[in-house]
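Just so it is clear, none of the values below were taken in a lab; they were calculated from the coordinates. No experiment lies behind these values; they were computed from the predicted model shown. Neighbour counts are summed over all protein chains in view; Cβ atoms, including those assigned to glycine, are modelled from backbone coordinates with ideal geometry.
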Amino acid sequence: MRKTFGVVALISVLVGYWAYSQSTDHERVPDIKPPSAQIRLEQPNPELLVSRYVLDVSVHSQADLEALLNQVEHLQLKNKLPDDGPIFALVLHGPEIDFFAKKNYPKHKSIVDRVADLDARGIIETKMCQTMMKFRSIQDSDVPSFVELVPYGPDEIDRLIKAGRIRM
């Protein structure tokens, strides 16, 4: 009995589909594209092309930080620099903060100078987590003056995202 019911149901569905496909009075579904595909800017507004990023940094080597800075410089070349502040917020809250301790400057001079240059040119703003500094026995006075100290790096990252920055 179950087999008979199943066969009857299948035949009913197939007949219904065939009848529907043969009729001419059903409406065609319009080809609707998503809004993003419908919008086309003839003359892009450069102000709309500016994005702001927060760089959640917790790297373990100078090479890793160098690679990140390479990405920053590459993206900076593709974006218009805004007049009201840097595109990138570099939030240091891992072992890389040791690179910026004044006692380690001779060893990490190239990376510290590169970050200082990007900061001075308004490409990045550099922030450092005081909680991690305490954990790593680094005093506020032990970091260069261009570095802004924040109480807790992850909270600063959340604040910047809520303010409209994009996490990288």
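Quick check: residue separation of F146 and H60 times 0.36 nm, minus the Cα distance between them. What number comes out in nm?
Working: separation 86, 0.36 × 86 = 30.96 nm, distance 2.16 nm.
Taking F146 through H60 to full extension adds about 28.8 nm, to one decimal.
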* Structure fact -> Taking the square root of 5λ for each eigenvalue of the C-alpha gyration tensor of segment 113-168, the equivalent ellipsoid has semi-axes, largest first and in whole angstrom, of 20, 18, 7
* To do: With +1 on each Lys and Arg Cβ and -1 on each Asp and Glu Cβ, and nothing else charged, work out how big the dipole of segment 93-153 is about its Cα centre, in Debye to the nearest 20.
  => 200 debye
* To do: Rounded to whole Hz and in sequence order, give me ³J(HN,Hα) for segment 111-125 from the Karplus expression 6.51 cos²θ - 1.76 cosθ + 1.60, θ = phi - 60°, writing x for Gly and Pro.
  => 6, 5, 5, 5, 5, 4, 5, 4, 5, 5, 7, x, 7, 10, 10
* Please give the net charge around D142, taking every other residue with its beta carbon less than 12 angstrom from that of D142, where Lys and Arg add +1 and Asp and Glu add -1. => +2
* **Amide proton proximity set for E125, modelled H, under 5 Å, gap of 5+** => F88, A89, L90
